[in-house]
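Reading through the structure tokens given below for one structure.
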Amino acid sequence: MKSFYSFIEKLTKQLQKPLPGEAAHQIMQNSSTTRLNFKPNEQTRRSAVLILFYPFKEEIYLPLILRPSYDGVHSAQIAFPGGRYEPTDENLIQTALREAKEEIGIEINDVKVLGTLTELFIGPSNFKVLPVIGYLSYKPDFTADKREVEKILETKLNDISNPNIIGSSQMLIRGEQVMVPHYEIHNHKIWGATAKMMSELLFLLKDESSNK
């Protein structure tokens, strides 16, 4: 537990510094040219996700979710728990917590929020998403909302920090063959907005490590 709280303390300090933002996002940007046609507009909606750390058996973990297959742009993708802002939410941090409770069944009153990463625009769904970072002092008893979550993937921080999980592959996106950078975890490819958020998180952790 001592190493977990040492990690949390260092991450908190990193979040207080200027964020890498676009520089980190570009590493996981696909080669699509049609993405340049997407711009935020008056119909753009706000959303938030929760990057939640917790300790278990001397390791640091965070949950990822597998979205169910459906007729939509984020079908069967790996993501952080989260969703759209509702008018009853006090702010986007509350959005992230509320959605995480709904999707993976955590006790949000136990979550300590450390800060946020850079807000990211997702063109195909016309959303801006704010990644919120928090932690729990214990391993939660996860419960998946079957409508929103196909599977909860409890993921070691060491696994996402491994540079060998980075790759790229061709995908057909909106009728265009594009080269897509991705992380491969649990035999799933993590790409798009989630990969960009993960890249920014890893930038912070790498910077923290290099400053030791």
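The values are calculated or read from the model by the stated rules, or taken from the named source; none is laboratory data. Predicted, not measured: the structure shown is a model, and the values here were computed from it. Heads up: the accessible areas ignore ligands, DNA and RNA and are worked out on the full protein's heavy atoms, side chains in. Shrake-Rupley method; radii C 1.70, N 1.55, O 1.52, S 1.80 Å.
Observations on the structure shown:
- Among the listed pairs LYS39/LYS206; LYS17/LYS156; LYS156/LYS189; LYS10/LYS189; LYS101/LYS146, those beyond 21 Å (Cα-Cα): LYS39/LYS206; LYS17/LYS156; LYS10/LYS189
- Short-range pairs are left out: with C-alpha atoms under 8 Å and at least six residues apart, the relative contact order of the chain is 29 percent.
- Annotation: the range 100-147 has a Kirkwood hydrodynamic radius of 12.6 angstrom, from the mean reciprocal C-alpha pair distance.
- Put simply, the chain fits an ellipsoid with semi-axes of 25, 20, 18 Å; these come from the alpha carbon gyration tensor as the roots of five times its eigenvalues, largest first.
- Diffusion coefficient, µm² s⁻¹, Stokes-Einstein with Kirkwood Rh over alpha-carbon pairs of the range 92-187 at 37 °C and 0.692 mPa s: 205
- Largest-first ellipsoid semi-axes for the range 161-207, taking √(5λ) over the Cα gyration tensor eigenvalues, angstrom: 22, 12, 8
- Rounded accessible area of ARG98 (nearest 10 Å², 1.4 Å probe): 50
- TYR138 accessible area, assembled protein chains, probe 1.4 Å, Å²: 80
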